[in-house]
Every structure is written in structure tokens, then in C-alpha cells.
Amino acid sequence: MRGNRGFTLIEVMIVVVIIGILSAIAIPNYSEYVTRSRVPEATSGLANLRVKMEQMFQDCRSYVASANCPQPAVPASGNFTFVINAPDSTHYTITATGGGPMSGFSYTVNQLNQRSSTMTSPSTWTGNAACWATKKDGSC
């Protein structure tokens, strides 16, 4: 007669503990990776809009939209909302504000190409007043 085959309770518990430890390490790292992968959506959209605003200024000598010089169309984005604010003919600020999984993220650029990022709750990232933060610690 052959002995019983199968796993003992201790062996199963050890496997469960190992899977739990791996999950505790992998899930936060994966979430951070996904968040970092969404940031270029904002930064590239801002860079593209900045180029379009400069083209508009070259053509119209003003950042303010008019009948002959419409403001550039903002890009469609699933995670960010883009807003162009041109209070006068020589100044503008473009803002990308996060929504959904990117709530709390805000990136800006102005006519002098001064970039900044502001992070508020629920984001756990650190913003940077001098550049677009692309990592959780606020580095660029």
C-alpha cells in the first residue's frame, strides 16, 4: 500500500506566506510604475501646447485669441484636463490638472518656459516649483 500523497497544512501555509510577501512588495511598485507612466501624458501635452502658443504669437503677435487667431485646441486626455489662460497679449499659463487616478497632480508652463508641478491630496508625490516632477520624490 502506498502512502498518502498531497501537501501538508504547513507546506500550504508556507506557500501562502511567500505569495503574501511577494504581493506586498510587487503591488505598490506596480502602482508606482503605472502612475509614472501617466505623467508623460501631461508633460507632452503641455510641451505641444506651448509650441502651438508660440506659433500663434509668431503669426498674430499676441497670445490672446481673436477671430483671425484662434487659440490652439487642447489635446484630448483620459487623465488630464488642459487649460490655457492668456490674460494679455504677452503672457500665458497652460495647466494640466489630473483627474481620475491622477487626481492631485497639476503641471504648469508659461511663456518663459518656466515649469512647475504641484501635488495635493490624494497624491502622495512631492511637487517641484522649478520643474515637472516625474518621480515620487519630486525629482525631474
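The values are calculated or read from the model by the stated rules, or taken from the named source; none is laboratory data. Being a predicted model, the structure only gives us computed values, none of them experimental. No Cβ is skipped: glycine too gets one built from the backbone with ideal geometry, and neighbour counts run over all protein chains shown.
Things worth noting here:
- Among the residues making up region 81-126, those that are within 27 Å of Ser31 (Cβ to Cβ), small (Gly, Ala, Ser) and either modelled with pLDDT of 90 or more or not in a loop (DSSP other than H, G, I, E, B) (or both) are Ala96, Gly98, Gly99, Gly100, Ser103, Gly104, Ser106, Ser116, Ser117.
- For region 58-69, the count of residues that are more than 24 Å from Cys140 (Cα to Cα), surrounded by 13 or more Cβ atoms within 10 Å (Cβ to Cβ), touching a Cys at 6+ places or on another chain (Cβ under 8 Å) and aliphatic (A, V, I, L, M) is zero.
- Residue match in region 73-96 (condition: charged (D, E, K, R) and exposed (fewer than 10 other Cβ atoms within 10 Å of the Cβ)): yes
- The numbered conditions (1) free of Cβ contacts under 8 Å to residues at least 40 places away in the same chain; (2) surrounded by 13 or more Cβ atoms within 10 Å (Cβ to Cβ); (3) among the hydroxyl-bearing types (Ser, Thr, Tyr) are all true for Thr108 except (1).
- Among the residues of region 78-98, the ones that are closer than 18 Å to Ser44 by Cα, among the small types (Gly, Ala, Ser) and in contact with a strand residue (DSSP E or B) (Cβ under 8 Å, 6 or more places away or on another chain) come to 2 in all.
- Scoring Val51 on the criteria (1) assigned to a helix (DSSP H, G or I); (2) aliphatic (A, V, I, L, M); (3) surrounded by 13 or more Cβ atoms within 10 Å (Cβ to Cβ) leaves a single failure, condition (3).
- Check on Ile14, surrounded by 12 or more Cβ atoms within 10 Å (Cβ to Cβ), among the hydrophobic types (A, V, I, L, M, F, W, C), more than 34 Å from the chain's Cα centre (by Cα) and more than 28 Å from Arg115 (Cβ to Cβ): yes
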